[in-house]
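As C-alpha cells, the structure follows; a few thoughts come after it.
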C-alpha cells in the first residue's frame, strides 16, 4: 500500500485549513473572473441554443489521399470562415474536428440556407484583370490613379473604365497616392533566370487584346458602370453581394481591402486564370532581394500558359490596368501589378506583406488547388424552441440526478453528507464556472451530450466520497477512533481515487482526441469533471473531513454522524483481548 | 443504515460473504451463456441502426401540430418519395424519419412538409445525415475503443500487473458485448448517442474493476509470508469487503443516469439524452456485475497458476489438513495489526511499541500472532 505515513500523519493533515482556504480562494477568483469577463453562463451549443450545425467531410480526389492533411484542412477552414462570415453574420464558427471533418456552426437568426450553400459549394478563385479601382466610401475617397485615364485609350474595354474614372474624378478629389499604396505589390518572376523575352509575350498579348471585354455590349457595360458607381464597399451588406455569382467570363464589380485596410472597389475584366490553374502557393521570406515576405505561386502547365498570356498583356498597360485582381468568391484578396510577362510557370507576389498576410494570401491561392471537396455529412437544424426545451430537460435531469444522489448519501451516510453534499456543490460550482470561462477562451460550447457528461459525472464525483467514507468506516470497524481512522484511510482512499480517476480520464482523453462532433463535447465534460473531482477530493473533502473529525458529533460516533462504531459493527475494544472468534485478515497488510 | 452498516461490517470482517471465487465457474458459465446469447442476437437480429447510419433525415415538428401521425406519414412520403416513419413524441410533437434521402434535397422536403402541415418551415427541426456519417462515428468509436484498450491495459499492467490488466480487459469486452447484445435483442435503436453511452461505459466499467483490484493488490501484498490463505481466499475477501462500496458506487452512478433516462424518455420522448442514458444504464449494470463476478475471479484463476501461488496453496492446504487432523478447527484469527496509530493508542500504552520495520514480517507470521496478548499494558495490537 502506498505508504500511509505511519506514525504521526503527515503535516498536510495537520493543516487542513490551508487547502480549504486555497480552494475557496480559487472559487472566488474564478467566479470573480467569470463575472468580470461578463460570460456568466456557459456558451451554448447549437443543439441547445438553436441554429444550424453542419459537419463536412473532406473527400480527396482519387490518387491524392494524402491531400487530407492539417495544412490543407486549415486552409479550407480559413476560406470557409471568410465565406460564411462574409454573409453578414459573424458568429458563425468554422473549425476542424478530427482529421477530416469541418464543423460549421451557424447560430439561429442567420440565413442558414444561404450559409449552407456557401460552405457546401467550392470556393471560386479567379485572376481577373483590373479595369478600374478606387477607394470606396468614406470622406477621403481616392480616385484611381491618374494613369487610369491616360491608359483608357489603350483598349476596347476601357470604355467602362473611362466613364468610371470620369465619374469618380468628378465626385471626389484626386489623391494619386491611393493607387500608389494599393499598387505596392508587384508580381515578378520568381526565377529571374528563366524569364523569357517579354517581346514574344507582349506580342501575343496585344494580338489577343481582351476579347471578351470588347464583346461586352454597351448595355451591360453601362450597367456595370452604374453598379460600380453605386458600390459602397465599406458596407458589409453591400460587400456580401457585390460581385457574387458573377460568371467568370463576364466583367464584374468587386470589393477588396488594400494594405491600408481601406475598402477599395474594382471593375474587373473576365477571368483569365482560375484557382485550379495554381498548383501551389506558399509564403516565403525572401532574403535575397530584401523584399520581406512574399508569396510564390507555381502554376500548372495550362495555368502557366494562361498566366503568361495575361501578364504579358497587363505588363504593357498603365496602372491600374497593369494589375490583376485575385478574386476569391467575388472578393478581391490581392491586386498586384505586373512588371513583365511571366512565363516561367511560377510567379512571386512581393510587397510589404507581413508574415501573416503573406501566409493568408498563399492559403487562399492554394485553396483553388486543394484537391479536396467537401461533403455534407450531417446537417442539424434546431429551432430555438427545441433547443431551449432540450436545455430545460437536461437541467431537470441533472437536478433529479443530483437530488437522488444527495438523498442516497443522506440515507446512507447521514452526518457525513455534511461533507459529501458541500463537496458536490463545490464540484458543481467549479464545473459551471470553468465551463463559462472556457466559452470565450477556447470556444467551448455546452451541448446536449456535454450536459449528459456533466450529469454522469455526478456519479463519478460522489463515488470518490464513497471510496473515502467506506475506507474510514473500515478503519473504524478495525476499532480505531475517528481521527486516526481518517488519517489512515486517506492515503489508501487517495490511491484508489487516483487510479480509478486516471482510468476515467484516460477514457475521456482518448475519446476527445479520436472522435468527432457530439462525442467530443461529452468527452470534454467527462474529462473536466474527472480532473475537478480529484481537485475537490484533495483540497476540499479531505480537509473538511479532517476538521470535522475533531468535532464531538463525529468523533464520538453520534448515531446520526454516519460513523457510529456500534452501527458499523466495530470491534468493541474488549472483545479484542479475548478474541472470541476471529475475523480474518491479513488485510491492511 | 445500521442494518446495511452491520452487514457491511460483517462483510468487512469476512463473517458473512459470498464465495465469488469459489463459485466462479457458475458465474463464468452464466456470463458465457449471456455472451453467446448476445452474439447470437447480434448475428441473427442484428442491430437496429438509426437513421444516422443509413443516411436520411429526421424532422421534428413543433409541439401540438394538428396533423395526425398517419397523415404526416403520407405527407412525408409524398414529399420525399421514400418511406417515412412517424412517431408522436411525449410532448405532442411529431418525429418524422425519412431514410435514404440526400442532404441537399432535404430543404425542399422540409418546406413541403411545413406547407402541408401548415406550420412555419423555420420551426421544423431538421437533422440530416449523409449515409457515411454514422459509420464515421462508429469507425471513430472503434478506433477510440482500440486505443483506449491498449492504453488501459498498459496502464493497469504497470499500476497492477498484467493478469489484472488482462482480467479487466476481459471484463470490459464482456460488458460491451452484453450491452450491444441487449440492444440487438430488445431492438433499441442504435444512434450516435448510443455509441457515446457505450464509450462511457469503458471508463465506468473499469472504474469499478480498478477499485476492487486496488483492494486486492493491497491485501495480497504479503501473501507469500503467511500460510493461512490462498490467493483465491483473499481475492474473495477483497470482493466481499468492497462489496458495499461497489453497490454504493453503482447505485450512485445509476441514479443520475436514471434521472436522465426518465427525463429523456418521458419528457422529450426521444433523442440524444435518451440514447446516451439507455446504453449507459445497461452498460453500468453489466459493468458492476462483471467487476465482481468476472474480473476478480479471473485474476484469482490466473494468479493460482503462478508457481509461487501454487506452492502457497499447497502449504495452506497442508496446514489446513494438519489442523483438521489435530482436530482443532482452523480459527480464522485476526492477524495482528501489530502497530498502532499514535492517536489511537490508549493513554495507558506504555509497552514497547512495535518497531515499524518489524511490522510486515512479524505480522503475518504465526509466531507473532499472540504477541501482545494479555499484556498488562493493554497493548493489544
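Rule-based calculations on the coordinates, nothing more; no lab input. Just so it is clear, the model here is predicted, and its values are computed rather than measured. When we count neighbours, we look across all protein chains shown, and the Cβ atoms used for this are built from the backbone with ideal geometry, even at glycine.
When its C-alpha radius of gyration is set against 2.2 N^0.38 Å (N residues), region B:201-243 gives a value of 1.27. Counting only other chain Cβ atoms within 10 Å of each residue's Cβ, the peptide A:406-418 averages 2. Annotation: the residues A:545, B:149, A:80, sorted from fewest to most other C-beta atoms within 10 Å of their own C-beta, follow the order B:149, A:80, A:545. If R0 equals 60 Å, the separation of the Cβ atoms of residue A:407 and residue A:69 corresponds to a calculated FRET efficiency of about 0.70.
Taken over region A:366-508, the percentage of Cα pairs per 5 Å bin, counting from 0 up to the bin with the maximum distance, is 2, 8, 12, 15, 16, 13, 10, 8, 6, 4, 3, 2, 2, 1, 0, 0.
Ranked for footprinting exposure by Cβ neighbours inside 10 Å, fewest first, B:162, B:133, A:263 give B:162, A:263, B:133. Mean sequence separation of contacting Cα pairs (under 8 Å, at least six apart), scaled by the length of region B:56-129, corresponds to a relative contact order of 44 percent.
Between residue A:551 and residue B:221, the FRET efficiency estimated from the beta carbon spacing at R0 = 41 angstrom works out to 0.75. Once both labels are positioned 7 Å from their Cα atoms along Cα-to-Cβ, the gap between residue A:286 and residue B:43 label points is 7.0 nm.
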